[in-house]
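Undergrad: Quick one: the structure is below, questions incoming.
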Amino acid sequence: MGSGNRQPFDNPVIEWVDSRLPVFTLMNKEYGVFPTPKNFNYFWNFGAIAMVMLILMLVTGITLAMHYAAHTDVAFSSVERIMRDVNFGWLIRYMHMNGASFFFIAVYIHIFRGLYYGSYKQPRELLWMLGVLILLLMMATAFMGYVLPWGQMSFWGATVITNLFSALPVVGPGIVEWLWGGFAVDNPTLNRFFSLHYLLPFVIFAVVFLHVWALHVTGSNNPSGIEPNGPQDTIPFHPYYTMKDTAGLLLFLLIYCIFTFFMPNALGHPDNYIEANPLVTPAHIVPEWYFLPYYAILRAVTFDTNLFLLIGLVCAAYLVAVNLWFTKKPENCPVATTFKIPVLQDIPMKALEPLMAAGAVLFLGIGGMIAFMPDMGMAKMMDAAAPVLVEAKLGGVLAMFGSIAMLFVLPFIDRHPYRSAVFRPWFKVAVLLLTIDFFVLTYVGGKPAEGLYVLVAQAATAYYFAFFLVIIPFLNKFEPRVPLPPSIHQYVLDKKAKKKQKSDDYMNALKPEAAE
Amino acid sequence: MKLFSAFCLGLALMVPVSAMAAGDAETPPKQQWHFSGPLGTYDRAALQRGFQVYRQVCSACHSMKLLSYRNLEDLGYSEAQVKAIAGEYTVTDGPNDEGEMFDRPALPSDRFVSPYPNDAAAKYANNGALPPDMSLLAKARKNGPDYIYAVLTGYEEPHGDTHLLPGQHYNKYMAGHVIAMAPPLSDGLVAYEDGSSTTVDQYSRDVSEFLMWAAEPKMEARKQTGVKAILFLLAFFGIMYAVKKKLWAGLH
Ligand code: HEM
């Protein structure tokens, strides 16, 4: 940012400003000539798209707030007034409503990109963690925003989700009352949610600033996962990516507009067009679609975790830890290397393994029986010996927050030296399965928690956590390392050659027939 | 690119599937409406007939608190006609200079007058069931207008195991197949002036269209603006995509 080695501008006005406050130099450095890997695919569009959606949400949101009234008596009808009587009020509201959905779509694709191409890895750990923080803030903002129109789903969604905190031991009920500002979701709740819903997007904006700052320190990752190491690997951000991002953005906005203008309520729930009524509970309380995966995880924990189950889990965790988390060489231990903790060299961990394996089988078996089949004779007998430690509700809440926490610590779990799934055949399968898993969770999250749906949700939740806690550590240790191309440039050339080879083969296959 | 397309396709398939909530009653059959489709508009004649049905039948029990009489100009009524319609209703206003409340004929700026003073009175008059406010009914139910039409035409003799209490009726499209509203329509109940057939089926269609308008009065403006927005984005996208292609062609 130093203005010492500033290039003068030709335009005298720009030069006058820039010599006093070098904003033009800064913009040119960060968005003009900024060297960017030349091999981005369209997945690299979604950061910019998310940025545009954030601004769109701020603009439409502030406009809505000029007409909205945050009081339970009038909130619902003030929104309807916006829809019916405010000039273009229907447009502003539908843009904001569907904008939230499309903001989440953009950010979910953005996160998938980061996962698939290993963008979370060294040196971009903090960049990634700021991203997860943005996701959390977005979730809080969207949740509170959904309460504002004061429809049935607003009210009951708020009631269900705030009630989750009552599962926390000791402090739970106090926290819930504090959140509500009373003894139920009511006017004080609506008022504070409005206040926070106005505040949080600006907090998001600040964190996005840090996020982009961090990006401009490390530079972007790219589909090969190989760092650029020379001018042959990069191109200036402008005009190449400014033009490409604009094209991609327009296509995204096109789909967004199809929803906003032609099916504006398709992603919402009809019950939110019924005014909130604390005396009438809707048949199915479902959150907005973008919360469904976490909702599925929350509801997948239908069982109490008893003492035996916990002991069994600890034994199993020990086995996974000894064999996968910690490698034989202690210097490879992720926790130890990150935080520079000295590791005790020769604990006889191996010797304990058979014992732990037996413990895991035994305790998971009995504990699982008590938890899942409480009516069985055996389970009934053992019940008294195995007190419940974590009730189902608390377990669900822990799992739900844990699912986000997994993303947060991912950079420290994954120690494989390669970033991109392109060069990690096993990781590629695992991460694509995780993506499908996310879709499955979204699906069952929207279904009633009964019968087969519960089982599917439980299996999908198990895979979600296994991906982070078992599969990634396993891959750290066992995934084969195919040779990497020496540079992005070479990677692009190889790819082109492969493509040409393929089309040549195809043409050659056709040729003899043509000759005949 | 392949991965990207597969991902987008997956996402596109996912969204509508997950948006569907579970329901227990029969799904109402899809109807062809004048306002269906991306260019569909409301049929003013149907809206006027539908309003007539609402006014002469449904308004005896169902309120429409979010609408004002002036909104009826959207249906093609003139200012004078709207004034006349409003004038048939009485609202309580005041206090006047002497501090008294007084009754006066409704004005176009007044909200639709409700049949009951409050929900308790509405329930009391309807065997304990509350006739829902109709301002947003078409958006507050899954499959909105299809559903309303289906309920109005879905009355049947009770099937085997359904147990009906006094005041309850069998309807195949209600959740649980039970509705506390007696069939409100019968052939010939409302006299149409435009020669349309006076059957339950026709009344149901008209009143459903009217209720859709009531719930979404700005639908036509929305679709028209949407077409312009889409055309603009398509053209702009085409240009930017060409620019990008041309620009990148110079790279290797
Ligand atoms: C408000 C939401 C967000 C905005 C506006 C935003 C914005 C951006 C922008 C403009 C970029 C650079 C362009 C790109 O690489 O696509 C970027 C990069 C990045 N973002 Fe985000 N982001 C958001 C949320 C997130 C979230 C939730 C995560 C992860 C959990 C995340 C992770 C990353 C990572 C790892 C990069 C570097 C990517 C790379 O170069 O490979 N972002 N972000």
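The values are calculated or read from the model by the stated rules, or taken from the named source; none is laboratory data. Quantities reported herein were computed from a predicted structural model and do not represent experimental measurements. Quick reminder, even Gly has a Cβ in these numbers, built from the backbone with ideal geometry, and neighbours come from all protein chains shown. Protein only, heavy atoms only, side chains kept; ligands, DNA and RNA dropped before computing areas. Shrake-Rupley method; radii C 1.70, N 1.55, O 1.52, S 1.80 Å.
Undergrad: Can you tell me which residue within segment B:177-222, out of those that are closer than 17 Å to B:Val57 by Cα, charged (D, E, K, R) and open to solvent by 40 Å² or more (accessible area, probe 1.4 Å), is modelled with the lowest pLDDT?
TA: If we take residues in segment B:177-222 being closer than 17 Å to B:Val57 by Cα, charged (D, E, K, R) and open to solvent by 40 Å² or more (accessible area, probe 1.4 Å), then B:Glu193 is modelled with the lowest pLDDT.
Undergrad: Taking the stated definitions as given, is A:Tyr120 away from chain B (no Cβ under 14 Å), among the aromatic types (Phe, Trp, Tyr) and closer than 20 Å to A:Phe202 by Cβ?
TA: Values: away from chain B (no Cβ under 14 Å): yes; among the aromatic types (Phe, Trp, Tyr): yes; closer than 20 Å to A:Phe202 by Cβ: no.
So A:Tyr120 does not fit the description; no.
Undergrad: A follow-up question, please. Of all residues in segment A:106-129 being near the ligand (Cβ under 6 Å from one of its atoms) and over 13 Å from A:Phe43 (Cβ atoms), which is surrounded by the fewest Cβ atoms within 10 Å (Cβ to Cβ)?
TA: Filtering segment A:106-129 for residues that are near the ligand (Cβ under 6 Å from one of its atoms) and over 13 Å from A:Phe43 (Cβ atoms), the one surrounded by the fewest Cβ atoms within 10 Å (Cβ to Cβ) comes out as A:Trp128.
Undergrad: Taking into account only those residues within segment A:184-239 that are assigned to a loop (DSSP other than H, G, I, E, B) and farther than 30 Å from A:Val492 by Cβ, which is nearest to the ligand (Cβ to nearest atom)? Reasoning before the result, please.
TA: Pass one, segment A:184-239, residues assigned to a loop (DSSP other than H, G, I, E, B): A:184-186, A:219-230.
Right, trim to farther than 30 Å from A:Val492 by Cβ and you get A:184-186.
On the way: A:Ala184: 32, A:Val185: 27, A:Asp186: 31 Å.
Of everything passing the filter in segment A:184-239, A:Val185 is nearest to the ligand (Cβ to nearest atom).
Undergrad: Further question on the same structure: Give segment A:271-288 a look and list any residue that's assigned to a helix (DSSP H, G or I) and open to solvent by less than 30 Å² (accessible area, probe 1.4 Å), or say none.
TA: The first filter runs over segment A:271-288 and keeps only residues assigned to a helix (DSSP H, G or I), leaving A:271-273.
The answer is A:Asn272, A:Tyr273.
Undergrad: Taking segment A:130-158 as the search range and keeping residues that are over 30 Å from A:Ser119 (Cβ atoms) and free of Cβ contacts under 8 Å to residues at least 60 places away in the same chain, which one is surrounded by the most Cβ atoms within 10 Å (Cβ to Cβ)?
TA: A:Val147
Undergrad: For segment A:7-28, which residues satisfy the criterion of being of a type in the set (D, E, K, R) and in a helix (DSSP H, G or I)? Break it down into steps so the answer makes sense when it comes.
TA: Here is the first cut: in segment A:7-28, the residues of a type in the set (D, E, K, R) are A:10, A:15, A:18, A:20.
Passing the criteria: A:Glu15, A:Asp18, A:Arg20.
Undergrad: Can you tell me which residue is farthest from the ligand (Cβ to nearest atom) among those in segment A:17-50 that are of a type in the set (Phe, Trp, Tyr) and modelled with pLDDT of 95 or more?
TA: To start, the set of residues in segment A:17-50 that are of a type in the set (Phe, Trp, Tyr) comprises A:24, A:31, A:34, A:40, A:42-44, A:46.
Then drop every residue that is not modelled with pLDDT of 95 or more, which leaves A:40, A:42-44, A:46.
Values: A:Phe40: 8, A:Tyr42: 10, A:Phe43: 8, A:Trp44: 5, A:Phe46: 5 Å.
Ranking the candidates gives A:Tyr42 first.
Undergrad: I would also like to ask the following. Checking the structure you have, find out if any residue of segment B:236-244 is among the β-branched types (Val, Ile, Thr) and either at the interface with another protein chain (Cβ under 7 Å from one of its Cβ atoms) or open to solvent by less than 40 Å² (accessible area, probe 1.4 Å) (or both). Quick ask: steps written out before the conclusion?
TA: Start the filter on segment B:236-244 by keeping residues that are among the β-branched types (Val, Ile, Thr), which leaves B:239, B:243.
Right, trim to either at the interface with another protein chain (Cβ under 7 Å from one of its Cβ atoms) or open to solvent by less than 40 Å² (accessible area, probe 1.4 Å) (or both) and you get B:243.
Yes, because at least one residue in segment B:236-244 is among the β-branched types (Val, Ile, Thr) and either at the interface with another protein chain (Cβ under 7 Å from one of its Cβ atoms) or open to solvent by less than 40 Å² (accessible area, probe 1.4 Å) (or both).
Per-residue answers, yes or no, for (1) within 9 Å of another protein chain (Cβ to nearest Cβ); (2) touching a helix residue (DSSP H, G or I) at 6+ places or on another chain (Cβ under 7 Å); (3) modelled with pLDDT of 95 or more:
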position: A:Pro231; (1), (2), (3): no, no, no
position: A:His238; (1), (2), (3): no, yes, no
position: A:Tyr241; (1), (2), (3): no, no, yes
position: A:Thr246; (1), (2), (3): yes, yes, yes
position: A:Leu249; (1), (2), (3): yes, yes, yes
position: A:Leu253; (1), (2), (3): yes, yes, yes
position: A:Phe261; (1), (2), (3): yes, yes, yes
position: A:Ala266; (1), (2), (3): yes, yes, yes
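Undergrad: Of the residues A:Trp156, A:Trp180, only one is away from the ligand (no atom under 11 Å from the Cβ), within 14 Å of chain B (Cβ to nearest Cβ) and under 30 Å from A:Val390 (Cα atoms); which?
TA: On the way: A:Trp180 fails: within 14 Å of chain B (Cβ to nearest Cβ).
Only one candidate qualifies: A:Trp156.
Undergrad: What pairs come out if I take residues in segment B:227-252 that are closer than 25 Å to A:Thr36 by Cβ and pair them with residues that are part of a helix (DSSP H, G or I) and open to solvent by 50 Å² or more (accessible area, probe 1.4 Å) whose C-beta lies under 8 Å away, six or more apart or interchain?
TA: B:Phe237/A:Leu251
Undergrad: Only residues that are over 13 Å from the mean Cα position of the chain (by Cα) and either open to solvent by 30 Å² or more (accessible area, probe 1.4 Å) or not aliphatic (A, V, I, L, M) (or both): list them for segment B:130-151, please.
TA: Listed by number, the residues that qualify are B:Leu130, B:Pro131.
Undergrad: Pairs only if they're at least six apart or on different chains, beta carbon under 7 angstrom, first in segment A:448-472 and touching a residue at least 60 places away in the same chain (Cβ under 8 Å) and closer than 15 Å to A:Phe438 by Cα, second part of a helix (DSSP H, G or I) and charged (D, E, K, R); list them, first residue then second.
TA: From residues that are touching a residue at least 60 places away in the same chain (Cβ under 8 Å) and closer than 15 Å to A:Phe438 by Cα, the pairs are A:Ala457/A:Arg299; A:Ala460/A:Asp437; A:Tyr464/A:Asp437.
Undergrad: Restrict the check to segment A:67-90 and report whether at least one residue is open to solvent by 30 Å² or more (accessible area, probe 1.4 Å), away from chain B (no Cβ under 14 Å), within 16 Å of the ligand (Cβ to nearest atom) and not aromatic (Phe, Trp, Tyr).
TA: No: zero hits.
Undergrad: Taking the conditions exactly as written (farther than 20 Å from A:Leu364 by Cβ, at pLDDT below 95 and either open to solvent by less than 60 Å² (accessible area, probe 1.4 Å) or small (Gly, Ala, Ser) (or both)), does A:Ala336 satisfy them or not?
TA: Details: farther than 20 Å from A:Leu364 by Cβ: yes; at pLDDT below 95: yes; either open to solvent by less than 60 Å² (accessible area, probe 1.4 Å) or small (Gly, Ala, Ser) (or both): yes.
Answer is yes for this residue.
Undergrad: Hey, could you check segment B:91-118 for residues that are open to solvent by less than 80 Å² (accessible area, probe 1.4 Å) and more than 22 Å from B:Gln56 (Cα to Cα) and say which is nearest to the chain's Cα centre (by Cα)?
TA: The selected residue is B:Asp93.
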